[in-house]
Amino acid sequence: MYEVELKVAADHGRVRDRLAELGADSLGGVVQIDTYYDAPHRDFAETDEAFRLREERTDDGTTTRMTYKGPLVEADSKTREEFETGVDDGDTAVDIVESLGFSPAATVRKDRQRYALDGFVVTLDDVESVGQFLEVETDVETEGEVAAARDEAIDLLERLGCDPSERTNRSYLGMALAVDTQE
C-alpha cells in the first residue's frame, strides 16, 4: 500500500469554514505522540526511512500502533510505502523495540482534527513547537495509481483555499529536529 500525502501550512479557522462549505464529514479529534527510533543496523536519515511507535489518545481511550515508512517513491506528493499494525500493549512494544537495539531519536506531539472528503482524509494538525498544518492524504494499492491520487490531492488543496505550490515534503519529525537544533 502507498500513502499519498500533501501538506501545507494553513490557517485552521479558514480551512474549517471551507470544509463545512464542501460538506466534509468530521472524523473527530485525536492527540498523537509519535516516538521515532534509530536503527542499530542502518541510518534511517540516510536511507529516508522511518520507524515509530504512535500513541493515540481519544475520548475512547489510548491505542498504540507501530509503523515503518519506506523511502520516498514520489517526492511531489511525499508518497512512500507504509506498513502499520496495532500493538496490544504500548509499554511492552517499547521494551521489545529497545531490547532489539533501537533507540528513541525524537518525539513529535500533534493535536489533530480529521475530516473525510471525496475519498481523502483531511487533517488539521497543530504540531507542538512546529505550527499549524493541513494534510490531505489517501491510500492507493499500486505505485501506478500514485500520480492520479496526487493530482486529485492538489485539486482538493485548491478547493480548500490553499496554494499547492506552498506544500512541503518535510516530515513533522524533520521540522521538529530543525527547531531543536535552533534552540
Take the residues in region 32-68 that are in a loop (DSSP other than H, G, I, E, B) and not charged (D, E, K, R); name whichever of them is surrounded by the most Cβ atoms within 10 Å (Cβ to Cβ).
Ala39
Please identify the pairs in which a residue from region 122-151 that is closer than 19 Å to Val8 by Cβ has its Cβ atom under 9 Å from the Cβ atom of a residue that is basic (Lys, Arg) and in a helix (DSSP H, G or I), counting only partners at least 6 apart or on another chain.
Leu124/Arg16
Across region 157-177, which residue is farthest from Pro104 (Cα to Cα) among those that are more than 17 Å from the chain's Cα centre (by Cα) and free of Cβ contacts under 8 Å to residues at least 60 places away in the same chain?
Glu158
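To keep it simple, each residue is scored yes or no on (1) over 25 Å from Leu19 (Cβ atoms); (2) touching a Cys at 6+ places or on another chain (Cβ under 7 Å); (3) not in a helix (DSSP H, G or I).
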residue: Gly70; (1), (2), (3): yes, no, yes
residue: Ala93; (1), (2), (3): yes, no, no
residue: Ile96; (1), (2), (3): yes, no, no
residue: Arg150; (1), (2), (3): no, no, no
Here's a check for you: in region 144-179, which residue that is modelled with pLDDT under 90 and either among the small types (Gly, Ala, Ser) or touching an Asp or Glu at 6+ places or on another chain (Cβ under 9 Å) (or both) is farthest from Val122 (Cα to Cα)?
Ala178
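The values are calculated or read from the model by the stated rules, or taken from the named source; none is laboratory data. These figures come from a predicted structure and were not determined experimentally. Don't worry about glycine lacking a Cβ; one is built from the backbone with ideal geometry, like all the others, and counts go over all protein chains shown.
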